[in-house]
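Structure first, then comments.
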Amino acid sequence: MSENNNDNNEQFSIYIKSVTNQEIKVLLLKLKNEIKKPDVTWEEIKPILIKINEKRSDIFKDVMPILLND
């Protein structure tokens, strides 16, 4: 794992800890676990991202730059 990936992972972890809505936190943790998998597919993470966006689009907008900054 590259240093940038470690930084993104740490940033994502910090963000998750700051979320107070437990339902969203569970979704974010699920997403974090999925993206750690070496063989993760779009089909696995897409439904999680959709749920996050449907429930809290502001959090979705916060998280996407963290995830995409690779």
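The values are calculated or read from the model by the stated rules, or taken from the named source; none is laboratory data. On a predicted model such as this, the values are computed, not experimentally measured, just so you know. No Cβ is skipped: glycine too gets one built from the backbone with ideal geometry, and neighbour counts run over all protein chains shown.
Filtered by the rule that a residue be more than 16 Å from residue 8 (Cα to Cα) and not in a helix (DSSP H, G or I), the range 39-69 gives 39, 40, 41, 56.
In this structure, is residue 30 modelled with pLDDT of 95 or more, assigned to a helix (DSSP H, G or I) and in contact with a helix residue (DSSP H, G or I) (Cβ under 7 Å, 6 or more places away or on another chain)? Criteria met by residue 30. For the range 31-70, name all the residues that are closer than 18 Å to residue 20 by Cβ and free of Cβ contacts under 8 Å to residues at least 12 places away in the same chain. Passing the criteria: 57, 58, 60, 61.
Inspect the range 6-15 for any residue being part of a helix (DSSP H, G or I), among the β-branched types (Val, Ile, Thr), without any contact (Cβ under 8 Å) to a residue 60 or more places away in the chain and surrounded by 11 or more Cβ atoms within 10 Å (Cβ to Cβ) and give the result as yes or no. Explain how you work it out, then say what you get.
At the first step, the residues of the range 6-15 found to be part of a helix (DSSP H, G or I) are 6-15.
Those left that are additionally among the β-branched types (Val, Ile, Thr): 14.
Next, only the ones that are without any contact (Cβ under 8 Å) to a residue 60 or more places away in the chain stay: 14.
Filter once more, keeping what is surrounded by 11 or more Cβ atoms within 10 Å (Cβ to Cβ): none.
No: the range 6-15 contains no residue that is part of a helix (DSSP H, G or I), among the β-branched types (Val, Ile, Thr), without any contact (Cβ under 8 Å) to a residue 60 or more places away in the chain and surrounded by 11 or more Cβ atoms within 10 Å (Cβ to Cβ).
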